[in-house]
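K.L.:
Below is the structure I would like to discuss, written out as structure tokens.
Here, each number is a calculation from the coordinates, and none is a lab measurement. No experiment lies behind these values; they were computed from the predicted model shown. Cβ: placed from backbone, ideal geometry, glycine included. Neighbour counts: every protein chain shown.
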Amino acid sequence: MAMMPKRVKFRKSQRGRMKGNATRCNYVAFGDYGLQVLETSWITAKNIEAGRVAATHFLHREGKVYIRIFPHKPVSSKPLETRMGKGKGEPEFWVARVRPGQVCFEIGGVAEDVAREALARVAHKMPIRCRFVRRRHTV
């Protein structure tokens, strides 16, 4: 089952613009290690699910995987070989907007080398460049 909102205020949305860096969700908050996005992009619900499966499969039910992004934005497309006009296409899939600096996945409860390998596998599933980050300990 793909990730998508239970209900939305508007069924279709405009594409919009993505500029600037992430001002929130840009530090490791729940786990001990995280995967930080380095580019601006749309990440589809399928990408997120593939990353989740890759991480949980590698961890063998040890530790905990936190997903910090959610696909709120519908992307519509018109059927192939359709003439212009007749309105906007139907929503085909859902995406999460991410901006540089945003932490999309976190892992807690495992050693650093294990977390590094698990998040590397997640990064391979993402359509953009990511980097490994660790929690800032504030005392």
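K.L.:
Please identify every one of the trypsin sites (Lys or Arg not before Pro) in segment 1-59 that sits in a loop by DSSP and has no more than 12 other beta carbons within 10 Å of its own beta carbon.
P.N.:
Lys6, Arg7, Lys9, Arg11, Arg15, Arg17, Lys19, Arg24
K.L.:
What's the magnitude of the charge dipole for the chain around its Cα centre, counting Lys and Arg as +1 and Asp and Glu as -1 at the beta-carbon? Answer in Debye, nearest 20.
P.N.:
Values: 29 positive and 11 negative charges, 188 e Å.
In debye, rounded to 20, the chain gives about 900.
K.L.:
Additional query: Which entries of Lys19/Lys86; Lys88/Lys125; Lys19/Lys64; Lys64/Lys125; Lys19/Lys88 have Cα-Cα distances beyond 27 Å here?
P.N.:
Lys19/Lys86; Lys88/Lys125; Lys19/Lys64
K.L.:
Suppose only helical runs count, i.e. DSSP H with n ≥ 4. What mean residue ellipticity at 222 nm does that imply for the chain under -39500 (n - 2.57) per run, divided by all residues and rounded to the nearest 500 deg cm²/dmol?
P.N.:
-7000 deg cm²/dmol
K.L.:
Now for a separate question. Take the Cβ-Cβ distance between Arg134 and Ala2 as r, set R0 to 30 Å, and report the resulting FRET efficiency rounded to the nearest 0.05.
P.N.:
0.50
K.L.:
Given the peptides 28-34, 57-63, 70-76, arrange them by the average over their residues of other C-beta atoms within 10 Å, most packed first.
P.N.:
For the peptides 28-34, 57-63, 70-76, the packing ranking is 28-34, 70-76, 57-63.
K.L.:
Let me ask something additional. Of the listed values [x] 21, 18, 15; [y] 32, 16, 12; [z] 40, 24, 15, identify the label whose number matches semi-axes √(5λ) of the Cα gyration tensor in Å calculated from this model.
P.N.:
[y]
K.L.:
If you average the sequence gap of Cα pairs under 8 Å that are 6 or more apart and divide by the length of segment 1-102, what percent do you get for the contact order?
P.N.:
45
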